[in-house]
Amino acid sequence: MSQSPKPPADTYGGLIRANAARLPERPAIIFEGLTCIWRELDRIVDTYARALLASGVRRESMVAIHCANRPEWLYVALGCARIGARLGPLNTFHRDAEIVQQMQHSQPEILLLVDRIRRNDYRDMWQRLLPELTGGATHAGRFALFPTLREVIQLRGEILAGATPLQAWLAAGAAVTAEQLAAAEALVQPSDDLFIMYTSGSTGIPKGVRMVHGDILGNDFKLGERQGLTEHDMTWIATPMFYGLSTINAIPAIWTHGGAILLQETFDAGESLALIEQYRPTTYVALANMTRALYFHPDRPKRDISSLKKGIAGFSTDDLRMVIDGLGITYCCAMYGLTETYGNCFITEASDSVEVRTTTQGKLVEGWEYRILDDAGKPVSTGELGLLEVRGAVTPGYLHNDAANLEAFTDDGWFRTGDIVRMGDDGRLRFSSRKKEILKIGGVNIAPIEVENIIGLHPDVAECHIVGIPDDTKGELMAAFVDAGAATLTEADIKEFVATNAARFKVPHYVFFMGSADMPRVASGKVPKFLLREQALKILASRSTAAHG
């Protein structure tokens, strides 16, 4: 009996070594006109790994990075992989408080950053968060906000006072011998954490999801098999690498097959169309809002993007049809999964019919188990809705968060997805809805309580509730119901306050003012959000009628 194919390595550092030996001259990364082949990537990763070791980073050390989709991001990540360190990517959309929260929770020893990303200048933010940089000292515990942080390395741009320039940092790594590097690499195990990916949870406090080498490579190799990926494919990567879709799904899926990635620093629909036409990638991976931006861009009819034939997209029928029929990505697959499941645990086959790929999330990935339960914890029959639990290549848990681990896992190791699904007679999953109060806006998960807490900090706000309302373009839009008490606040005031204190994607699309006494409540005093959602839809319908009347 023949065995199923497997990835060429079970650690990420080993994968780069294996691809460099097997495909030395083939491209691994293409970025802004430059091509990095596998042999060269392996050499660069050694250079970064040595620099990390010279900075005192060891197996299980935490490293943070604040950078857009650039090769340097990957070099740092792979350098960490080679020596068993962990990388906690920082969301470049986040503001001060969100950055502080993640770094204080993850406790990095070193931080690598850039001064700006396109038009966004981050120097003022880092000077606020790291005022000690101006002193230029380099000793443990020197940063008041981040006691574990020892060193800040600037990857590119105008150097912040007190930060170590990239080239100086890399040069210091030359003192690390080949024997020392080999000894560090030999300690790395498939069960070691590589990424700590922060994702919103039902509590509203982002949780650090632990992602280990072996499951990243093993699960994503299988996902690539379903998509029909080979060493001759190239995946377009414009989704931010601080999101799991790129980092623990798309990139390892193509790299475990020896293919290349076409890296775009930040997504811009017009630039993306030109880039795709120029470099002819074959594999598409994007969030729903990116798909729509590409489809509706005026340049799309003028650009040849016909090279894109494979890939994955969201589990909305409309999104899949727009990708397949609108963008012409004929063999794009539907899927189901979460960050905690290393991307996907259900996925269609590229060879499935369009009907199957647009109405189901496919069959269970090899190595996984699933069960669908009713509210009493009993299995439901085929075709009936229930709560999905899975077991297999699931995260080993959340970093420094015992309470979240107890909530997410059963005693016998099943992961509670919190999603309502049904299984068809054909063995394919049909997603219905999310039980958790998580909004999904343009492919980005947002916990309502995070935004409620931010708006609640406004001195004139007495109460706030966030709900999602359906939207054809983004899937959902965010509406805030705010009690401003006796104060005179406007919708613009609330939006500006959120934009000042959080990432822009957390700014509500609509703000409705309603006194606490007028908000619907149950006997316990809790506000049932489905009634607020109905109220929001009525208000918007009334506005639309008035505008067209």
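Numerical summary
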{"quantity": "Count of residues meeting criterion [in contact (Cβ under 8 Å) with a residue 12 or more places away in the chain and open to solvent by 70 Å² or more (accessible area, probe 1.4 Å)] in the range 395-411", "calculated": "1"}
{"quantity": "Residue among D460, D412 that is out of contact with any helix residue (DSSP H, G or I) (no Cβ under 9 Å at 6 or more places or on another chain) and at negative phi", "calculated": "D412"}
{"quantity": "L223 vs. criteria open to solvent by less than 20 Å² (accessible area, probe 1.4 Å), under 18 Å from the mean Cα position of the chain (by Cα) and farther than 27 Å from I117 by Cα", "calculated": "yes"}
{"quantity": "Residue, least open to solvent (accessible area, probe 1.4 Å), within the range 413-455, restricted to residues that are at pLDDT below 95 and farther than 30 Å from V507 by Cβ", "calculated": "V421"}
{"quantity": "Long-range neighbours under 7 Å by Cβ, at least six apart or interchain, first residue under 13 Å from A479 (Cβ atoms) and in a helix (DSSP H, G or I) within the range 535-547, second open to solvent by less than 80 Å² (accessible area, probe 1.4 Å) and among the hydrophobic types (A, V, I, L, M, F, W, C)", "calculated": "A536/V467; A536/I469; A536/A479; A536/F512; L537/I469; I539/F512"}
{"quantity": "Counted residues, the range 223-270 - those being within 24 Å of G88 (Cβ to Cβ) and of a type in the set (D, E, K, R)", "calculated": "1"}
{"quantity": "Options A350, A334; residue that is under 25 Å from the mean Cα position of the chain (by Cα), farther than 21 Å from S432 by Cα and open to solvent by less than 30 Å² (accessible area, probe 1.4 Å)", "calculated": "A350"}
{"quantity": "Test: E355 is in a helix (DSSP H, G or I) and surrounded by fewer than 20 Cβ atoms within 10 Å (Cβ to Cβ)", "calculated": "yes"}
{"quantity": "Test for F505: is it part of a strand (DSSP E or B), under 31 Å from the mean Cα position of the chain (by Cα) and aromatic (F, W, Y)", "calculated": "no"}
{"quantity": "Residues located in the range 226-258, provided they are open to solvent by less than 10 Å² (accessible area, probe 1.4 Å) and under 13 Å from P8 (Cα atoms)", "calculated": "P252, A253, I254, W255, T256, G258"}
{"quantity": "Tabulated pairs, the range 1-28, first modelled with pLDDT under 95, second not in a helix (DSSP H, G or I), C-beta under 8 angstrom, 6+ apart or interchain", "calculated": "S4/E366"}
{"quantity": "So S381, is it open to solvent by 40 Å² or more (accessible area, probe 1.4 Å), at negative phi and assigned to a loop (DSSP other than H, G, I, E, B)", "calculated": "yes"}
{"quantity": "Hits in the range 27-57 (condition: within 13 Å of A184 (Cβ to Cβ) and not aromatic (F, W, Y))", "calculated": "V45, D46, A49, R50, A51, L52, L53, A54, S55, G56, V57"}
{"quantity": "Residue that is modelled with the lowest pLDDT, among those in the range 366-378 that are open to solvent by 90 Å² or more (accessible area, probe 1.4 Å) and over 30 Å from L217 (Cα atoms)", "calculated": "D375"}
{"quantity": "Residue selected from the range 456-472 under the condition surrounded by 14 or more Cβ atoms within 10 Å (Cβ to Cβ) and not hydrophobic (A, V, I, L, M, F, W, C), by the criterion nearest to S316 (Cα to Cα)", "calculated": "G468"}
{"quantity": "Set L217, L273: member being under 29 Å from D472 (Cβ atoms), open to solvent by less than 10 Å² (accessible area, probe 1.4 Å), out of contact with any strand residue (DSSP E or B) (no Cβ under 6 Å at 6 or more places or on another chain) and of a type in the set (A, V, I, L, M, F, W, C)", "calculated": "L273"}
{"quantity": "Filtered residues of the range 490-512 (kept if farther than 30 Å from D318 by Cα, surrounded by 17 or more Cβ atoms within 10 Å (Cβ to Cβ) and touching a strand residue (DSSP E or B) at 6+ places or on another chain (Cβ under 8 Å))", "calculated": "I494"}
{"quantity": "So A293, is it in contact with a helix residue (DSSP H, G or I) (Cβ under 9 Å, 6 or more places away or on another chain), open to solvent by 20 Å² or more (accessible area, probe 1.4 Å) and small (G, A, S)", "calculated": "yes"}
{"quantity": "Checklist (1) within 30 Å of S307 (Cβ to Cβ); (2) not in a helix (DSSP H, G or I) applied to R371, failing item", "calculated": "(1)"}
{"quantity": "Selection count, the range 145-182, where residues are open to solvent by 30 Å² or more (accessible area, probe 1.4 Å), in contact with a Ser or Thr (Cβ under 9 Å, 6 or more places away or on another chain) and aliphatic (A, V, I, L, M)", "calculated": "3"}
{"quantity": "Some residue of the range 524-531 being closer than 23 Å to G443 by Cα and assigned to a strand (DSSP E or B)", "calculated": "no"}
{"quantity": "Within the range 385-402, tally of residues that are modelled with pLDDT of 95 or more and either more than 24 Å from the chain's Cα centre (by Cα) or among the aromatic types (F, W, Y) (or both)", "calculated": "1"}
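The values are calculated or read from the model by the stated rules, or taken from the named source; none is laboratory data. Keep in mind it's a predicted model, so treat the numbers as computed, not measured. Please note: Cβ atoms are built from the backbone with ideal geometry, for glycine as well, and neighbour counts cover all protein chains shown. Side chains included, ligands, DNA and RNA excluded: accessible areas come from the protein's heavy atoms. Shrake-Rupley method; radii C 1.70, N 1.55, O 1.52, S 1.80 Å.
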